[in-house]
Each structure stands twice: as structure tokens, then as C-alpha cells.
Amino acid sequence: MHPRDNAPATPGDALPDHPDFLWRNPDPKPSYDVVIVGGGGHGLATAYYLAKNHGITDIAVLEKGWLAGGNMARNTTIIRSNYLWDESSGIYEHSLKLWETLEEDLDYPILFSQRGVLNLAHSLQDIRDSKRRVYANQLNGIDAEWLEPDEVAEVCPIVNISPDVRYPVLGATYQPRAGIAKHDYVAWGFARRADDYGIDLIQDCEVTGLDIRGGRVTGVQTTRGPIAAGKVALAAAGHSSVLASMAGLRLPLQSHPLQALVSELLEPVHPTVVMSNAVHVYVSQAHKGELVMGAGIDSYNGYGQRGAFHILERQMAAALELFPVFARAHMLRTWAGIVDVTPDASPIVGTTPVENLYLNCGWGTGGFKATPGVGWCYAHTIATGEPHPYNAPFTLARFTTGALVDEHGAAAVAH
Amino acid sequence: MQLIACPWCGEREEIEFHYGGQAHVAYPDDPYALDDDQWAQYVFFRDNPKGPFAERWVHAAGCRRWFNAVRDTVTHEFLAVYDVRAPRPLLTGSAAAAQQRKGQEAS
Amino acid sequence: MTNPFRAGGHGRIDRDTTLSFTFDGTAYTGHPGDTLASALLANGVHHVADSIKYGRPRGVLAAGAEEPNAVVQIEAPFPEPMLTGTTVELYDGLDARGLSGQGRLSSRPDTARYDTLHAHCDLLVVGAGPAGLTATLSAARAGARVILVDELPEPGGSLLGSQELLDGRPATEWVGEVVAELDACADVQVLQRTTAFGHYDDGLVLALEKRTDHLGAAAPAHVSRQRIWRIRARQVVYATGAYERPVAFDDNDRPGIMLAGSARTYLNRFGVLPGRQAVVFTTNDSAYPAALELADAGVRIAAVVEAREEVPAHWRTACDERGIEIRTGHVVTGTSGVEHVSRAHVAPFSRGRLGERQGIDCDLLLVSGGWNPAVALFSQARGTLRYDAGIGAFVPAQAPGSVRTAGSAGGTFTLAGCLADGGDAASRALSALGRTGRTLTLPSTGPLPQGAPGRVLWRVPSPRDGQDGSHQFVDLQRDALVSDVLRATGAGLRSVEHVKRYTTIGTAHDQGRTSGVMTSGIVAEALGVDVADLGTMRLRPPAVPVAFAALAGRNRGELFDPVRVTALHSWHAEHGALFEDVGQWKRPWYYPQPGESMEEAVLRECRAARTGVAMMDGSTLGKINVQGPDAGVLLDRLYTNMMSTLKVGRVRYGVMCGVDGMAIDDGTVIRVAEQEFLLTTTTGNAAKVLEWMEEWLQTEWPDLRVHLTSVTEHWVTIPLVGPRSRDVLALVAPDLDADNDAFPFMSWRDATVAGIPARVCRISFSGELAYEINVPAWDGITVWNALYAAGGPFGITPYGTETMHVLRAEKAYPIIGQDTDGTVTPQDLGMSWVVSKKKPDFIGKRSFSREENQRGDRKQLVGLLPADERVLLPEGAQIIATSSIPQPPVPMLGHVTSSYRSDALQRTFALALVRSGSERIGETLYVPLDGRTVPVTVTDPVLFDKEGSRRDG
């Protein structure tokens, strides 16, 4: 059957088809040069860049469920690089640059849409913090501007800039190159290319133990049997603490539920991405027309992939404060991921005290946008044994020295 | 939204409470006897188990009292609440089963 | 106007009242009791919308929330996107249109009200069908507190759509009696038009009550349109029924193709004949009552196409009596039609092969592929499911302790079984609560016909040449085909969640109610695996879509977050103050006089404070009373400096750090008595600081005998500032000896101010002679007015937060949260003097010796003077070392934290955090602005009255 002739596709239908072939479903081999634990976006991107940039293809990506079924399938797909500190803007901007050519690189329609992101300011201190970030971004070569309320309304006419609301919009930072992509397409794009390189993507394969001899990791125990490995790279997001504990490592991570939701398909009303830390909501309108929204994490530790309802109710109230036109949109589907949060809201990417065991975790709520960037840098770290300059600041040791990269202090931006 | 049994006020809605992270992490007797690594463990590192977790809560919008709880981080179910000064309780019945079930995964 | 497809003598509609409505621009009529879908069908309108991808005409498949096709946009009385026509109650003036893709939001504000109610009960029953009613009745008779919620306008559930008899009478009579009894129970609440949509922890069930939607434009404005019920239930019984599922065959999407049970509902509940000549395609017994009742109502049943080889005798006899032909071992392979089905293609089907096809003319093709229990809420409650191969459906397996299903939601499909199951479920729920349910005398359902198991059939092989399944629809709303599913499995996908994402099946408005299990079945067949091992798509909340506005409830506008104002707020408003949001507080920002700009106003206010006298409302400062024998010990551990040595009558400034050594708050501490202190916090941090102190006190040092109490709102706090402040104070507090020796800096006195008992502190956040007057909040306005009057001859000037910021910045007093960002130590602020060397320990001290804290090039607070004294640096601007801007990334030395025009300095100035700042005093650095750089001189941060000569007047 073919879509209707001589007529544009109905709004809401507009998603490109996936390829006819994505990946094999191999059984695990007894041994690999590199075993990546976690078949999410980061694990798949890392496998791809290990092959592409470093020629390493004897790799297994082990996924306990279905590929990219964790946070990769559960995030709100916001991509931006307008972080405050040099360390953060370095790796996120590297990632954003990769996003800009990723569709051709992967030969996959990942629907990367550079529709810009607005980070709203609602108080005088928000304005100071926002401008500080804009000035820093500009000097780091990142596109960033400060917009006054009327300019905010030009970028996104449905934002309520009336001064007669509880927390009026006093302005916003704007990164035009920021945007969204289609998460499944991104993950599958990486997976398909990794599979092309002969990398084994092994699903329903949960790691139950790490084999460590003489301070060096030699393999993993899994629900599909033992697998020997020259190097083991963890990329398990919310489950990183559980995995690291198998190597006797304790990490400065807490795993929290993070909820998100979508509406039904709607005619285009929202041309960009809007985030508000003070009013606590972020929202974009995805390619088919659904509003995609998120808010803050649930406060307590949780591995249940479920959150509390009052978080969503609060988020709806916040959304209507900013966007009164959303009143009769409907919450269609909600879900939660498990985000691993560090004390300074920055990730940990690098080597560990266990030889040949590598760590990538602590991305909190920001992991999706980093996918190609961290895949690139983590692959470098695994291949060479040394961190890439972009992930070098994100060591575990920073918690001992105090050289934190504190992204919630001044930037005060959740995502 | 959970119902949390404040030891002083009884069951109240989760929104009345603030979370306080891992329980039983005592301020070091002599911080200056610790090297920077050990001090960092105290400041930044907390357990993050998948399963029963002894943690602190405060009834912030109620009696303002802190208390400890054992809660299963998978089901989010509270298995016990107890005084901040008391040791972690040994759980019985289904709570113990949950603790045992998840115990291997706890770090 | 008449409804040509009404069936006389059937239905629960009010034929005496006619409602007018418009669909796709055409006017129609219907009756109260209709849904939009039933009214359209009554008018012979089957084509409701075109499909999203292929643009094919689509009709009404179902009669309830499972409807995948008949999605509509409401245009009047108020636009609402994407509602199912099968759940929109008809009202006069309804204007709707069919939707094929995206809904439309109104650009007009929604003025409807929405609200939320909390409710608590022993037992919540969801669904007022036969099982739900017996469950409710059983629990009600046992005296339990019960809430019954039901999505329909009236109770009865499936009974409303059937011709079942109970005790030999129409079942709805029994329903009426049950509801009358429930209505008489004080502890039972029955909520119609109320749909449970979410099950959260500890028995929290969310339900949406549509209170006025069915009234259209006649809805009273004072009644909330929709209400969210937050129900805390100790026990829950889900009697949510089951959804019939179709079978995939070629062109199975044409208008006129309908689920068999839904057609029965249209006849019996709405008095609508969905067609004149029907073919019934079934795999199970449940389609026979539909066929027989429609036949009796005048629909010609051209054939029953029965996928099974055998039909139970009861149904065969009943069909024979009506001359209905049954073709056993046959399936529908496809359909013909243009806007509407006109013919079903039928063929024998055995051992996986189709025989010769034959066409049967029809305008209605009823389909039944079996029933899927409605387990969305049960799953949300973390009930587990198992695949029942006998019925081809996922049924409840393990339920959490407080949740159970009853009736067809649990896989019980006979009426007698459902009635009994409801009572049983209630009894089990009550016994879990330690109570005993009442055994009900259930109404008699009459003899049960001998049934036979259904046949599980997901799809019929396509007789077409070409790609397999390329005309067989699985998800009608997403226009996803069997061939799409097979393409997904061919691409290597093995999980239904992957197939869902590849095909978009189950992602639409209906969340795959009619397509989800079918997809699992087709995937399992394609992969040669067991459906039980494959599983089905995860059912996510909410069970039905809920409007954002309903979820937001009343928490909008002013109620979005509480507004806190001081006791002097109305004075400020009357005197033209503009306000700044600080946390939840409204603080006066500045007081412009007519024609004055902000800059002019602030310079004037500053000048008054430095040269005359000025006053401000400082009441929002957090205030914490600390009492007990160990109060001093606690404060010594929490502040970086020593507090226990403070004398009664004296005041000390203090800083608190986190365990990481970073400054988190500051303020003054006064010793009220030997065992009592009163400390102040920054406005925005008051609650956090109190919680921080309690955390340490209760969890770490419970042995300390100290009590903490917030007294923020007990006091009105008025700083009286400026060289003439003593003169003004003397006028209102004649008994207070305000001489420098009698009342020295950093001390406090009890005094009577304007006749009000007051506590006056000699502290200064401006460097000027100043008195902070604290009085009970109730008397604040009296004292404020007295000061304002007494200061009149001196030109007393009220000032706001902006002037406060300028005055303190001139003196380099930092604002925590503005000049710090969580990465700044007291030493970085140049306040090593506030860090005790004597105390063995305090919170944060150990972290000062970490490697990063020992670096020589930490960022430190300095002053910046732009070379051009008119240039006001933007706060947040970055600082670099070179006069030209190098290529990015540009090394940044720090940033401007505060920046103002100073009346006292007659120039602009700034505070900044700069790397190695204290070593750079005197250096020229550069601030990039708009592509150029502004040279600035680094200075000591204290720019005004460095020797502190002004504080004593």
C-alpha cells in the first residue's frame, strides 16, 4: 500500500521509514576484545566510534533488555551545548557538532531538527545566571544570545510573556543550533552501523558479574554465559552503581526516577524548545506533532522506572503558566527513566582503579544530547587507555581533589 | 505519590516530606585523621543499591522531624520507619523477603 | 429531521428531546443519551475521517474508549483536539469534525474551571458493569466505605448494551435496584462519567470526572468542567471489562466494518442499526448474540462466517430459527467498497490454506476475534499478566496485595461468572482489611448455553499477490499494516517494543487497545515463538488521555505558587514600589517617583541613605530562634566563626558552609539571652537553612539540647539607614540612648519605638550609621509610619532591594547566591576573618585543605572599575586577559557578579570573581562586550569608606 497520491502526507504521519534491515541477532562468542555493558545510546555510539575511529570491531554490546530500551527510549530528546563551564561546553559542543553531520554519517534519518532552545529567566538572579552563561558560551564559540521578553515571543509566540503571571518571563537565553532528534532513530542508526562493522549486539543478556584478577578485568558473567574480554566498558546509566559494585567500586551516584510525557498529535503550535528551570518544565513539539514534556527528577532514589503523580500535576500547572494554549491538550502517555546523578551534575567518563575497566556514567538528565560526543570520547579512552581531552576533566578523582564541574550552581539548568 | 508513615504523625502524603539520602552515614569522629580520599567518601559518596535502602526523610511540611526508613528502591515500598538514632532494623516477613531478594544487588 | 437508522423499541436515548449538532459542516440531529458516534450512525454517517497515512476513509469500529478510527476535533462550544467520537456525549450545538492527523488547540484562553478532590475509601471499585456492581453492593452491605467510579453516564456497563435478563427481567432493572440501594448508603459514593486513569503507589488512584462536558454551551460557568479525583483506596477492584479485538484481513479498515459487540451496543444502548445487511465474521461464541439481536431488530444477517469448524448447537439452532446461514471453517479474506464496505469476500480456511472465494453483499461487516481483558490499570498497579493461549489474550496473573480484578477484566466472560466474581472480589478485599463481606443472593441469569472455546486467529492469509499483509491493517489509527510488522521482524527486531517503535503501532491516541495483542500474535507467528514468551507492549499511564488543564486544576495563576508579602506590603504598593520576586516573596525593588527612571530612582535612594536617612522593609530576611543550653555549641559547629563567645546584647555576622566548604548562607546572629540566639538568613534560603540546621541537630547531634523555630513572619524588620538615622530614631524612641558608647556597633537593645516594644540592632548592610528596628509584625505598619513621619523633615526615603544591593556592593558585602554560586569559599570572598582558626572543627572546615582549595589561582572576589566610568558592565559578563578577543575557546578569568552605578563614587563599578583576583589588584583586564572589549581595573572589592568611618555616624 502506498501513501495517498498527489497529496502531501497528513500532518502527523511525517516520519521516515526505517531501513529494511537493522541488525543481526547473534549469540555471544566466548571472547571479545571489548565488551560494552549497556546497549543504550551511549553504548551503541561507543561501539560505532571504536570501529570507525579506532578500527576495533571485535566488540560485543551487551543489553539486558532490548536495545536502547532504557533512558534512550525515555528521554525528551533535547540537544544543546549551552552549558556554563568550559569543561561541559567542550564535550557538549563537540557532541553538537557531531549531531550536525550525524544523519549523513550514519546514513539514517535521525530527524535532527535545529529549532533552537530557549532557557527562560523568571527572576533577576535568573537573568544574571543566564547572561553569565551566554557570555561564557560566546567566548567558547557556542551560539548563544540573550533575548528580552518581546524577542522571546518572536521566537516562540505561544509563550505567555504577560507580566501578570506568578513568575513572569523576564527574558531567555537562546541557542539557535540546539534542537531535538528522534531518539529511536538515533539509537538504531548507531546500532545498524555497528552491526555493519561486525560488532555483536546481544540482547536479553544481563551482566551478573565482572571477572577481575590481579586488579584487572578479564571478562563478564552474564545470563547468557561467561564472556571473556580484553576490556570492559560500562555504559549502563541508572544501573552503573550496581555494575560498579561488582568490581568493588563505589561511585558518587544516586539513581532517581525522571518522568516525561507526550500529548496527542497537534497542529504545529510550538516552533522551538522551551525550558524553564524556575517554573520547572521543558517542552518541545516533536515531528509528528505531539508535545513532549519533562520536569525535575523525583526526589528519592528509585530503580522502578516509575515516578509520583504529583510531579506530573505540578508540571502541567507549570506548562499552563507558560503556555495557556495547552489547556485542552491531553496527556496521552507518561513514563519514567532512571537517571544517575552526581554531586556536581556532571558526568564521570574515564578509567577506573581496575585495569581495563572503563566507566561512563553520571549523565543525570543530560545523557541523550551527549550521545555522539561521549561515544566519540569514550571510544578514544577505551582504545588508547587515556581520556580524550574532552572527557579528561570528568574524572572520578575530582571528588577527592574538589575540582568539581558544578553545573547546577550557576547554570541552574536541569537539562 | 506515596503515603509515608511519619513515626510521629502517621501516614501522610509524600509531598509533605523531603528526602535526605542514605542513613547511618555518621560525621567522621576526626575529619583531620582522614586523607582526602576518605574525606571525599564522606562528602560525596553514598550507597545506591537496587533493593532495600536505609535512608533519611524529614517531615518537612509537618512535624519537621527527621526519621530513617528502609525502602525498596525497586518497588519504592517502605519496609520500615525508625528513629534516626536506632540501628537499621532486621526486617521480618515480606519485607525481609524483599531485602533478601534484592540483597545480592545491594552495594 | 429524522434518524433513518434508529431501531424502534431499542436504546436508552431520550427520543422526546432532539439535539442539533454539526459534523464536518453538515447539520444533524440526535438525542440525549447518544454519543457523537451513535448519532452519526443513526444518521447513516459511517465515514468519519480519512486515515493518517494512506488517506483511506474510516468509520466507527467500536463503541467505547478503544475506538481507533472515529477521532474527532471539537470546534464548538470550545475547541478540543482528539476525542473519540464514541466517548463524546452528544449535546445541543456540538460542532465537530473528523480528524485524520493532528488536533487543533484553541488560541483563545480556556475559561473553564478545573479542580481536584481528595477522597479516601476502604474499597474502590472501577467499573459499574455486572462485576463492579456486585462488588460494590457486597462491600456496601458490609458497611465499608466504598467509591464506585464508572466512565459512562449511567451505571450498567456491558448490561446497557445487551438484552440479558436477570431474574427474568431486563438486566437494567436490576441495575436500577442496586444503584438505588447504593445511593441509600451513606458511606458509598457512585461517580458516573468518571474514568480512572492512573494507579500509583499506596493505592492512589486518579480519576477524571467530566462534570459538565455533556451540557455543551449550557454548562454553568461556576461548576468545574472536569475534576481530578485523587482517591486513596485501601483496596481496589478493577472491574474494567474487556475490549473486543478484530482479526486482520485484506481491506479490514473500511467504514461499515465494526466489532460485533460494539454493534450490539449501538442497537441496545443507542437504538441504532449500524447497517441493514450484515456479514458476521467470528472466531468465538460472543458474536452470536450480536447477530441474533440485530436480526431480531430487522438487520438482515447475510451470513455468519465462522472460523471454527464447529458451532455450539445452541447458537446453530438460534441461527436456523432466523434463517441465518453459518459458514463454518470459513474466514473473511477481504472486502470491497468505496466509501463504505459493500461486499465481504469469504473463503474456506483450513490447515492454513484458503479455498475458493465468494463475495457476500453487505453494508455492515461485524468482526470478533475474541476479547482482551482491560488490564491497563491493573498493570499500572504492578499486577503481572500471563498469556492465556485458550483465549489468545493476556490476563491478570499475580496481583499486588491490595488490588484485584473482577469479571471480564480478569478473564471471566459469562454474565453469571462476572456477577459472582464481583462479589468474591469484594469479599477478598474486605477480608484483607479484616472485615467480612456479605454474601449476596445473585440474580439469576437463566440457563447458560453450552459454549465452545474460541479459535485464536490473528490474521487471515492474504489472497492477494504481492507483499504479504500489505492491505491488512493492524493499527488503524497509525495506518500500520501486517506487512509493516513483518518488515520489522525481517529487519532483525525481536521485541514487541522494538516492533512498536518501528511500526508506530500502539503509539496513537487509543494506545493500541485493538492492535497491541494482535501485534504480539503476528510477531510470534513470524518468529515462530510463543506469544507467552514474547509478551505484549507495556501499558503506560494514563489509561485514557487527560486534559492538561484538568491536571493543573486550580494551581494556576496566583495559585501556581503562594505569594508571600510582608506586613508592610500595602504601604509599598500605595507608594509606587515596583516589586522583585525573591523566592515566593514580593520585595520592593525601588520606588520610582513620577517620571523617574529606575536608574534615577536608585541613585536618589542611594544618595538619601549616604547623605541623609533612608529606610527599607527587611522583613523577608529569614529568622530562626535558637534556644537551649547547647545553642552556642550548635552554632559553633554550623557557622565558620565562633558564636558561643557572643555576649548577650551583642550581634555577630556569620557564614555557613556546606560540608564541601562552599558558602551556603550568611547573616547576623544576636544573643538574646544566655540560652537564646536569633539568627537571620538570606530571604530565599530561610527554609533551607532551617532544614539544614535541623538535619544536623536531629540526625548527627541529637544529644544537643537545642530547639529551632522559624520566626521569620513574627517580626517586621526595618533598617533605618544614613547619617541622620540617629536623629530620626531619637524622635520615635526618646528613651533609647543611641549614643555610640551607650549603643555601640554590633549590639542590640530593647527599646520602645513609636510606643511599640522593639528590638533595635546596630548593624549595617550599607556601611552607614544604621539601626535595624524589629517589632512584632502586627505593629510593623505603626512603626513604619512613625519613622516615615519623623524622618519627613530629614527627607527620609524608602528604598528597595536594588538600592540595598548598590550600598552593600560599594562596601563589598557579598550576596550569597549572587556573588557566589556554590563554588565559592569564605576565603574566596576575602572573608578569611570570618573563618575561625580557634575552633577545632566546623562544617566545611575539613574541605578547605583539599587540593583544589589550596590552589593559588582560585577565583576571588575583587572590585572592577571600568576605565570609562560611564560604562556599566552587565552582570554575568566574562573577564579575559587580553584587549583583543582571541579565537574560541577564549580563556576566561572570571565573571562580573554585581554591577551598578554608584552615586557615592560618581561612577560605575562592579564586583567580580576573578582567577587569582587578589594578586591582580591594579591590573587591567578586559570584559568582552558586543565584539569589543572594555578595559577594567582590578581593585580591592571595598570601594567606599574602606576605613569604616561612617558606621558610627
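A few notes on this one:
- Highest-MSF residue in chain A out of A:Q305, A:Q254, A:Q138 [GNM, Cα springs under 10 Å]: A:Q138
- Expected 222 nm ellipticity per residue - DSSP helices of 4 or more, -39500 (n - 2.57), all of chain C, to 500: -6000 deg cm²/dmol
- Extension gain from C:S336 to C:D361, taking 0.36 nm per residue of separation minus the Cα-Cα distance: 8.1 nm
- Inter-part distance where region C:24-47 and region C:222-242 are each reduced to a Cα centre, Å: 29 Å
- Positive-end ranking of C:A601, C:A573, C:V651 along the dipole of region C:545-652, with charges on Cβ about the Cα centre, is headed by C:V651.
- Using alpha-carbon coordinates, inclination of helix C:287-296 to the longest axis of chain C, degrees: 70 degrees
- Loop trypsin sites (Lys or Arg not before Pro), region C:881-953, which have at most 13 other Cβ atoms in a 10 Å radius of their Cβ (DSSP): C:K946
- Straight-line cross-link reach from C:K839 at under 24 Å between alpha-carbon atoms covers these lysines, not counting any fewer than eight positions away in the same chain: C:K647.
- Summed residue charge, Cβ within 15 Å of C:K838's Cβ, Lys/Arg positive, Asp/Glu negative: +3
- Treating r as the C-beta distance of C:V563 and C:S747 and R0 as 30 Å, the FRET efficiency rounds to 0.25.
- Taking trypsin sites (Lys or Arg not before Pro) across region C:237-316, the ones in a DSSP loop with at most 16 further Cβ atoms lying within 10 angstrom of their Cβ are C:R276.
- Links that overshoot a 27 Å alpha carbon limit, given the list A:K64/A:K182; A:K131/C:K946; A:K369/C:K500; A:K97/A:K288; A:K52/B:K50; A:K29/C:K500: A:K131/C:K946; A:K52/B:K50; A:K29/C:K500
- Against chain A, whose longest principal axis is taken from its Cα atoms, helix A:309-322 shows a tilt of about 40°.
- The candidates A:C156, B:C9, arranged from most to least accessible area with a 1.4 Å probe in the full protein assembly, appear as B:C9, A:C156.
- FRET efficiency estimate (nearest 0.05) - Cβ-Cβ, C:R382 to C:A687, R0 35 angstrom: 0.50
- Ranked by the mean number of other Cβ atoms within 10 Å of their residues, highest first, the peptides A:347-360, C:550-563 come out as A:347-360, C:550-563.
- When only the Cβ of Lys, Arg, Asp and Glu is charged (+1, +1, -1, -1), the dipole of the protein assembly as shown relative to its Cα centre reaches about 1360 debye.
- Here's the list of aspartates and glutamates a cross-link from A:K231 could span, going by alpha-carbon distance under 14 Å and ignoring same-chain residues fewer than 8 apart: A:D33, A:D58, A:D211, A:E355, A:E386.
- Under a Gaussian network description of chain A, with springs only between Cα atoms under 10 Å, the residue in A:S123, A:S88, A:S240 that fluctuates furthest is A:S123.
- Prolate is the label for region A:286-386, because the ratio a/c of its alpha-carbon gyration tensor axes (a ≥ b ≥ c) is 1.5 or higher and a/b is greater than b/c.
- Residues C:R351 and B:C9, FRET efficiency given R0 of 60 Å [Cβ-Cβ distance, rounded to 0.05]: 0.30
- Segment C:D737-C:E599, extension gain: residue separation times 0.36 nm, minus the distance between their alpha carbons: 46.0 nm
- Cross-link partners of C:K688 among lysines (Cα-Cα below 19 Å; sequence separation of 8 or more within a chain): C:K586, C:K623
- Which of C:A812, C:V563, C:Y114, positive extreme of dipole for chain C (C-beta unit charges): C:A812
- Distance between the modelled labels on C:Q163 and C:T22, one decimal in nanometres: 3.9 nm (7 Å Cα→Cβ projection).
- Per-residue mean of foreign Cβ neighbours for C:72-85 is 2 (Cβ atoms of other chains, 10 Å radius).
- Percent RCO, i.e. relative contact order, over chain C, from Cα pairs under 8 Å lying at least 6 residues apart: 9 percent
- The label point for C:L905 and the one for C:Q887, both projected 7 Å from the Cα toward the Cβ, are 3.7 nm apart.
- Coil-residue GluC sites (Glu not before Pro) of region C:164-223, DSSP, other Cβ within 10 Å capped at 14: none
- Chain A, helix-only ellipticity at 222 nm - DSSP H runs n ≥ 4, -39,500 (n - 2.57), divided by all residues, nearest 500: -8500 deg cm²/dmol
The values are calculated or read from the model by the stated rules, or taken from the named source; none is laboratory data. Everything numeric in this text was worked out from a predicted model, so none of it was measured. Note: ideal-geometry Cβ built from the backbone for every residue, glycine included; neighbour counts use all protein chains shown. In case anyone asks, the SASA skips ligands and DNA or RNA and just uses the protein heavy atoms, side chains included. Shrake-Rupley method; radii C 1.70, N 1.55, O 1.52, S 1.80 Å.
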